[in-house]
Amino acid sequence: MANPKDKGTTIIIKKIQGGGGGAHGGAWKVAYADFVTAMMCFFLVMWLMGADEETKKEIAHYFNHPNTPYQKGRDPQSETVNPLGEKQGQGNNLMKGAEGAVPEDLVQKPLRDLKEDIEKKVGDITFGLELDTEFDELKFSMPGDELFEEGSTHIKKEAKKRLDQIAELFKKHQGQILIEGHLDKKPMISGDDPYLFSTARAVEIMNYFVKNHKMDSARFCPRGIGSNRAWRATASAGQDSRNRRVEFTVSEHNVCSE
């Protein structure tokens with residue numbers, strides 16, 4: 001019988017298998033995603049190299065004017081190239097920083113800023129202030145009784161200060177401006193045709209901006225509406241003084257062609 005002390009040391013080997021990552025882990029997925037991204041960039045570059053000059057100009061314009069939606073075409077107000085990210089410096093975030101990663105004037109909404117300025121500076125005399133973001137239009141009105149002598153196309157002396165304030169705001173924005181003259185259904189004191197009279201009032205406002213503030217007349221489109229568009233569609237609409245108004249429409253596109 002063998003002596004138990006003569007037995008050798010027993011060695012136990014344990015094989016510990018790690019949890020499999022499925023096809024050798026997920027690192028390949030990251031590498032594959034990088035490869036696909038690189039290929040997309042490659043094909044985009046190849047497509048741009050083969051595009052015609054007009055297409056290249058449109059694409060360049062889009063990136064030089066990121067505040068203009070591509071589907072609305074070229075920026076009608078400016079051909080000045082303002083490349084995205086032209087300012088230097090790291091900044092705290094994409095939109096703002098120490099120096100700004102993106103030019104601040106390119107990420108602002110011009111019509112939204114104009115709306116806020118009108119509310120602050122002439123909100124006490126204007127009404128119907130409305131921003132239509134779908135059509136890029138800002139509308140507001142001023143009472144005709146506050147602007148003109150009764151039954152006349154002559155601008156009141158006290159109204160010129162208000163028009164001066166509006167002109168300064170318009171100068172900050174390069175959009176097109178539609179000026180519409182509106183009347184109520186009361187018979188004209190002068191006996192003039194309502195459409196001609198309301199048009200004359202709109203022209204008078206335009207001329208004031210052009211002559212007194214050196215604004216480009218090509219920016220304006222004066223139009224007479226007469227009493228065809230009441231402010232309120234009610235039984236007492238004919239008595240509403242807001243029917244006798246001058247309505248301004250500021251837009252990024254050419255509102256005069258509408």
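The numbers here are math on the coordinates, done by the rules we state, and not lab data. Predicted model, so just to flag it, every value in this text is computed and none were measured. Cβ coordinates were reconstructed from backbone atoms using ideal geometry, including for glycine residues, and neighbour counts include every protein chain displayed.
Structure notes:
- Order of 170, 42 - criterion: other Cβ atoms within 10 Å of each residue's Cβ, fewest first: 42, 170
- Put in order of Cβ neighbour count within 10 Å, fewest first, the listed residues 213, 182, 173 become 213, 173, 182.
- With Rh defined as the Kirkwood radius, the inverse of the mean 1/r over Cα pairs, the Rg/Rh of segment 110-257 is 0.94.
- Estimated inter-spin distance, residue 42 and residue 161, nm [label 7 Å along Cα→Cβ]: 7.0 nm
- Legend: distances between Cα atoms for 157/185; 160/185; 121/160; pairs beyond 23 Å are 157/185; 160/185.
- Taking segment 110-257 and dividing mean pair separation by its residue count, relative contact order in percent (alpha carbons under 8 Å, at least six apart): 32 percent
- Pairwise FRET efficiency - residue 134 versus residue 207, Cβ, R0 = 35 Å, nearest 0.05: 0.65
- Entries in 57/172; 171/211; 120/161 that, when Cα-Cα distance is taken, lie over 19 Å: 57/172
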